[in-house]
1. Give the residue, chosen from Ile56, Ile42, that is assigned to a helix (DSSP H, G or I), surrounded by 16 or more Cβ atoms within 10 Å (Cβ to Cβ) and more than 14 Å from the chain's Cα centre (by Cα).
2. Somewhere in segment 92-106, is a residue out of contact with any helix residue (DSSP H, G or I) (no Cβ under 7 Å at 6 or more places or on another chain), outside any helix (DSSP H, G or I) and farther than 23 Å from Glu158 by Cβ?
3. Among the candidates Arg125, Arg90, single out the residue that is in contact (Cβ under 8 Å) with a residue 40 or more places away in the chain and either loosely packed, with under 14 Cβ neighbours inside 10 Å or more than 20 Å from Met34 (Cβ to Cβ) (or both).
4. Being exposed (fewer than 13 other Cβ atoms within 10 Å of the Cβ) and in contact (Cβ under 8 Å) with a residue 60 or more places away in the chain: is that true of Ile172 here?
5. Suppose the filter is of a type in the set (S, T, N, Q) and out of contact with any Asp or Glu (no Cβ under 8 Å at 6 or more places or on another chain); does Asn116 pass it?
6. Here is a check on your reading of the model: is Leu70 surrounded by 17 or more Cβ atoms within 10 Å (Cβ to Cβ), out of contact with any Phe, Trp or Tyr (no Cβ under 8 Å at 6 or more places or on another chain), assigned to a helix (DSSP H, G or I) and of a type outside the set (Phe, Trp, Tyr)?
7. In segment 142-182, what residues are in a helix (DSSP H, G or I), over 16 Å from Leu23 (Cα atoms), among the polar types (S, T, N, Q) and modelled with pLDDT of 95 or more?
8. Quick check on segment 93-120: of everything there that is β-branched (Val, Ile, Thr) and within 18 Å of Phe72 (Cβ to Cβ), which residue is surrounded by the most Cβ atoms within 10 Å (Cβ to Cβ)?
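The values are calculated or read from the model by the stated rules, or taken from the named source; none is laboratory data. Everything numeric in this text was worked out from a predicted model, so none of it was measured. All Cβ positions, even for glycine, are placed from backbone atoms using ideal geometry, and neighbour counts span all protein chains on display.
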Amino acid sequence: MTKEILIILGPAGSGKSTQNELLSKKLKYKSIIMSDVLKEEIKKNTKIGKHIHQLISKGNLAPDNIACDLLFKKIQKERSKKIILDGFPRVTNQAVIFNYFLHTKNYKLKGIIFINVPKNECVKRMLLRKRSDDTKEIIEKRFNIYFKDTKPVLKYYENMGLLIDINGKQTIPEVHNEILKKLKKV
């Protein structure tokens, strides 16, 4: 069964989760959120889950091989032919491994939606959420790490002609409409 996969990326505070939810409903995509995949494994209290928990609690990412293995199993089990991935890939190595997986399974990568929002706007939005871990310093650190790791991923997909750059400074409906309009062209 051929599956069509759409990826949505953006820094924390970009509105990526909101757009993921809207796109899933509008276009009938099944949403798979990478952080949820990892949390599910942690909840199972497996050896891998315990290892992931140790890493994440220290602010580290799960190793590429573990993250990819868990995600690929989830994608293969999914009955839907249309999937939207939220928060994956985070680094170029994951993108390369993911492309190999897609090729071996004959799945189609429709595009990578990148919700582009300047750092100061993301920080402002996140401070308005008033979560305990959303201090200005922590937010800026996460933002800097995100772009250090993810900028090469965006360039990788841009070079493949798959990057769909979206102006994330607009209102939620305007961002949604821009995504829908650009998706029609791919």
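1. On the way: Ile56 fails: surrounded by 16 or more Cβ atoms within 10 Å (Cβ to Cβ).
Selected residue: Ile42, the only one of Ile56, Ile42 that is assigned to a helix (DSSP H, G or I), surrounded by 16 or more Cβ atoms within 10 Å (Cβ to Cβ) and more than 14 Å from the chain's Cα centre (by Cα).
2. Scanning segment 92-106 turns up at least one residue that is out of contact with any helix residue (DSSP H, G or I) (no Cβ under 7 Å at 6 or more places or on another chain), outside any helix (DSSP H, G or I) and farther than 23 Å from Glu158 by Cβ.
3. Going through Arg125, Arg90 in turn, just one is in contact (Cβ under 8 Å) with a residue 40 or more places away in the chain and either loosely packed, with under 14 Cβ neighbours inside 10 Å or more than 20 Å from Met34 (Cβ to Cβ) (or both): Arg125.
4. Yes: the conditions hold for Ile172.
5. No.
6. yes
7. Asn159
8. Initially, segment 93-120 is screened for residues β-branched (Val, Ile, Thr), giving 96-97, 104, 112-113, 115, 117.
The next check asks that each one be within 18 Å of Phe72 (Cβ to Cβ); those that pass are 96-97, 104, 112.
Values: Val96: 14, Ile97: 19, Thr104: 9, Ile112: 23.
My answer is Ile112.
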